[in-house]
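What follows is a set of notes on a single structure, which appears directly below.
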Amino acid sequence: MKKLCFLLLGILLIFNLSIEAQSINGQIIDGTTGQTIPGATVYIKGTNMGTITNLDGKFSLKVPEGLSKLQITAIGYIEYTMDLNIEGFIEQTIGKIELQSDAIGIEEVKVIASFAVDRKTPITVSTIDPVYLSERMGSQEFPEILKTTPSIYATKQGGGYGDGRVNLRGFDSRNVGVLINGVPVNDMETGHVYWSNWSGLSDVTRTIQVQRGIGASKLAISSVGGTINIITKTTDMEKGGNVSYNIGNDGYSKVAFTVSTGMYENGWAVTASGAHTTGDGYVKGTNFEGWSYYFNISKRFSDKNQISFNAFGAPQWHNQRSNKRLIEDYRNSPDGIKMNWDYGYLNNEIYPGAYAYNFYHKPVISLNHYFKINENIQLNTVLYNSNGRGGGRRVYGQSLNVVDGLIDYESAIATNEASLTGSKTIIAAGNNSHNWWGLLSTLKADINKMTLTTGIDARYYKGFHFYTIEDLLGGSYFLDSRNINRDPGTPLYKGDVVNYENYGEVLWEGFFAQVEYSSTNFSSFLSGSLSNTAYRRSDYFQYTPDEGQVTDWFNFLTYSVKAGANYNITDWLNVFANGGYNLRPPYMKFVYPLYNNVLNEDVQEEKVLTFEAGLGLKTAMVKSSIYGYYTNWMDKSMTFNSGTDIANVSGLDALHKGIEFVSTINPTRKVNLGLMFSIGDWQWNGDGDATITDLNGIVTASTHVYASGIHVSDAAQTTGAVIFDWELLPRFKVGADWTYFDRVYAQFNVEYRTDPADKGIDAWKMPSYNLLDCNVRYDFNIGDFNTTLYGKVDNLFDTEYISDAQDGGNHDAATALVYYGFGRTWNLGLKVRF
């Protein structure tokens, strides 16, 4: 049977490789940038004759004799049609064909976002193009689309909708800058990126660019490991739209649409998108519902002056699995790797417990002004606002019991009903809302071979943190003594604030400048930024108005400087190098580490020194790059609580270095092969010392942190991937991604390594694993409507593997707490364009 399958595949391959005598050749390029467009679909209308452009944007296509229409489509570009008149059996070259962007203002957005250009911008970069996004996204978590990128480790964590995470070169999201259209979205208090807030982002994403290392962004952002630069759709140039429907495993269902007026003669254009997603979740008790919307209205006053208003949001709720378990627990559970002990049933419905239910809506609105002052100078400005509202479920009071793997709410209700002093256990909502305003303005001036870019980055953020009562669980009221401004005997009911109420404010003022030089074969840049970050905290539970509930502003003046150069040795070979130094402020949790208004006077700025170098090769058939990097993270902010005292850790450095390789090969016009591997050596570089002080700042003790030589945890230090695409038949494409992950050390908090017995001992190294994902795509017409059928299977062989782990007391598998990754999942979708 296997021999027969290989014989049939061989016949098909030979058929697809056969040379057509009657054909046309050409090359597809971007009409604005002149860059080639790989992956564009080229076909003869009304026939099954079609092909896809190669790495260099070139194509060769069999065509019928006589009159016909050549059509070219590429995601992100306006469809192109050309009349053909072929006479005789000849090979005809039609030269370069320019495709125009289907979006208004996309080039201006790329300027704001510091979008890197291949063989020009001297940084390590991987670009996820629209074709790859459409074919591979399926129903996976948004960060997982990056898993074939070097030094990326992305998982679903507990498996809840939007609960994915991504690490880059060993750094988590607090140390990876995430930009959407050039606007930073890392939480301004903690640095985290909560992907559940962006659960609808895949519906409106146009391109993703992963800039490893110092990146191309001119802003003073948290790019220790790198930058994830997401470019969304803007306003469509042409009238039209699409509708799509997706289904998948475990009740997954998604309906989406996009409509656009196109650009009217008076310069107005409107685009709107929306989607609704529901499912039961792969893990038990993780059902969800999410909505997403996108709206853009643009007005082009002239070719030099344009404004654009955007609104994007993704309100959602989802149940979660928030606690890792022992491997033995999964083996003993009838639910196996889908086991979840973080929910129960209340009123015959799934009802999760603490940290196992999340609800949030983070709309982002922006007003963009693109002004071309003259042929050499342009000013692009974005004013944006995000008022996020939501939080997660909390259990307040006495703990809930777990019986036979389910939370026992009935016993808590019985206890509350029998109590004469109110509920002993309640369900609360831990609210973490915020108001965020920002202004980002970039002036770009081209002067001969030089480009000067300068601008300002101003932000104000206020986070609101408090508990509100959601369910008294059978009790009449609840008593809470945490608020010193309220009588502890005051009965409290649904909606009342309990436990804590504090606000965190962040004020950011930044200035940046960059000068670039570019000639035919050489380009370089030098950039710097200066910023002031100010923190202020308010606490309305632990302080009276007379004591003062609002702190003074506490400021950190920081800066960054970086430089790089690229040299194109030949048309097919280039080298580059870059380096940078970043002095960055600590996050607010280190400034006020005791969850009160007591300032940590000993907190200090972190320092990051990084270097990179790379070699690139590009031909019509092969595009390959190899990189080396060195990142030294010095004086990393670390604190831990010692009773009511605070321990400040100093002197902890982490050294991240490694090599990365990527290659894309087109052995034929119909076959595309991608290769990737990365090998990192990420270790804590030396021990640290902790000084313990009381609330009055008096030193009470000291201790030593034994970190030297221990590997950095929670990300794969060795990764690999093989990406395969084959146009098996005209307009029918199959693909497969094989990924490999090794040297993942279970997560641990290095600041707690104060026992000399742990000196030099690594956290448990998780077993390596590899996965195979497959996808198919078929483009066809339903009447005059271009239609695409997508199919995707993740983890085709249903491999069992551990994706996340927390180190245990013995640093081994028996004591580690883990999450298993998902088994086989599938997704099928249909998109119709009109």
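The values are calculated or read from the model by the stated rules, or taken from the named source; none is laboratory data. Since this is a predicted model, take the numbers as computed values, not measurements. So basically every Cβ, Gly included, is an ideal-geometry build from the backbone, and we count neighbours across all protein chains shown. Quick note on the areas: whole protein, heavy atoms, side chains included, nothing else; ligands and nucleic acids left out. Shrake-Rupley method; radii C 1.70, N 1.55, O 1.52, S 1.80 Å.
What order do you get for 511-520, 45-54 when each peptide is scored by the mean count of other beta carbon atoms within 10 Å, highest first?
Sorting 511-520, 45-54 by mean packing, highest first, produces 45-54, 511-520.
Between residue 403 and residue 757, with labels modelled 7 Å along Cα→Cβ, what's the label distance in nm to one decimal, could you check?
Those two pseudo-labels are separated by 3.8 nm.
About its Cα centre, how strong a charge dipole does segment 709-804 have in debye, to the nearest 20, once Lys and Arg get +1 and Asp and Glu get -1 at the Cβ?
It comes to approximately 180 debye.
Near the amide H of residue 744, under 5 Å away, which other amide H atoms are found, from residues 5 or more places off or on another chain, if H is placed in the peptide plane?
HN-HN under 5 Å from residue 744: 717, 766.
For each pair in 147/562; 147/284; 338/831; 156/324; 233/562; 156/636, compute the distance between the two Cα atoms and list the pairs where it is over 20 Å.
147/562; 147/284; 338/831; 233/562; 156/636
Would you give the gap between the C-alpha center of segment 142-198 and the C-alpha center of segment 618-632, rounded to a whole Å?
23 Å
Is the C-alpha gyration tensor of segment 187-252 telling us rounded, prolate or oblate? Criteria: a/c under 1.5 is rounded; beyond that, a/b larger than b/c is prolate, otherwise oblate.
The shape class here is oblate.
Over segment 463-603, what relative contact order in percent results from Cα pairs under 8 Å that are six or more residues apart?
That works out to 18 percent.
Contour minus end-to-end for residue 295 and residue 785, with contour as 0.36 nm per residue of separation and end-to-end as the Cα-Cα distance?
174.0 nm is the gain from fully extending residue 295 to residue 785.
Kindly provide the helix-only [θ] at 222 nm of the chain, computed as the sum of -39,500 (n - 2.57) over DSSP H runs of four or more divided by all residues, to the nearest 500 deg cm²/dmol?
-2000 deg cm²/dmol, from helical runs alone.
So how do 742, 404, 118, 457 rank on accessible area, 1.4 Å probe, biggest first, that is with the largest at the start?
404, 118, 742, 457
Taking the alpha-carbon centroid of each part, what is the distance from segment 704-758 to segment 348-409 in angstrom?
27 Å
Take every DSSP beta bridge whose two residues both sit in the chain, then give the antiparallel share in percent to the nearest 5.
Within the chain, antiparallel bridges account for around 95 percent of the total.
Using the beta-carbon distance between residue 311 and residue 255 and R0 = 25 Å, what value does 1/(1 + (r/R0)^6) give for FRET efficiency, to the nearest 0.05?
0.80
What are the ³J(HN,Hα) couplings of segment 666-675, residue after residue, when phi is run through the Karplus curve with 6.51, -1.76, 1.60 and θ = phi - 60°? Round to Hz, x for glycine and proline.
With the stated coefficients, segment 666-675 comes to 10, x, 9, 5, 9, 10, 10, 10, x, 10 Hz.
What's the extension gain from residue 619 to residue 98 if we count 0.36 nm per residue and subtract their Cα-Cα distance?
Residue separation times 0.36 nm, minus the Cα-Cα distance, leaves 185.5 nm.
Relative contact order of segment 661-773, please, whole-number percent, based on alpha carbon pairs below 8 angstrom and at least 6 residues apart.
Result for segment 661-773 is 25 percent.
Can you compute the modelled spin-label distance between residue 485 and residue 45, with each label point 7 Å from Cα toward Cβ, in nm?
That separation, rounded to one decimal, is 6.9 nm.
Per q in 0.17, 0.29 1/Å, what log10 I(q)/I(0) does a Debye calculation on the alpha-carbon atoms of segment 181-222 return?
With one equal scatterer per Cα and no solvent, log10 I(q)/I(0) is -0.60, -1.27.
Enter the Cα centre distance for the pair segment 584-600 and segment 766-834, rounded to the nearest angstrom.
A separation of 39 Å, based on Cα centres.
Could you tell me whether segment 619-765 comes out rounded, prolate or oblate from its Cα gyration tensor? Rule is a ≥ b ≥ c as square roots of the eigenvalues, rounded for a/c under 1.5, then prolate if a/b exceeds b/c, otherwise oblate.
Verdict is prolate for segment 619-765.
Kindly state, to the nearest 0.05, the FRET efficiency for residue 550 paired with residue 33, given R0 = 45 Å and r defined as their beta-carbon distance.
0.35
Applying 1/(1 + (r/R0)^6) with R0 = 45 Å to the Cβ-Cβ distance of residue 476 and residue 332, what FRET efficiency is obtained, to the nearest 0.05?
0.65
Roughly how many nanometres apart are two label points built 7 Å out from the Cα toward the Cβ at residue 389 and residue 799?
4.4 nm
Apply the Karplus curve 6.51 cos²θ - 1.76 cosθ + 1.60, θ = phi - 60°, to the phi angles in segment 589-596 and return the couplings in whole Hz, x for Gly and Pro.
Karplus-based 3J(HN,Hα) across segment 589-596 equals 5, 8, 7, 10, x, 9, 6, 9 Hz.
Under 1.5 on a/c is rounded, so check that first for segment 459-587, then, if it is not, pick prolate when a/b is larger than b/c and oblate when it is not; a ≥ b ≥ c are the square roots of the alpha carbon gyration tensor eigenvalues.
It is prolate, given that a/c is not under 1.5 and a/b is the larger ratio.
With the contact rule set at Cα under 8 Å and sequence spacing of 6 or more, what percent relative contact order holds for segment 181-247?
Once normalised by length, the contact order is 32 percent.
Placing +1 on the Cβ of each Lys and Arg and -1 on the Cβ of each Asp and Glu in the chain, which of 92, 816, 829 has its Cα farthest towards the positive end of the resulting dipole?
92
Hey, can you rank 481-489, 291-299, 170-178 by average C-beta count inside 10 Å, highest first?
Put in order of decreasing packing, that is 170-178, 291-299, 481-489.
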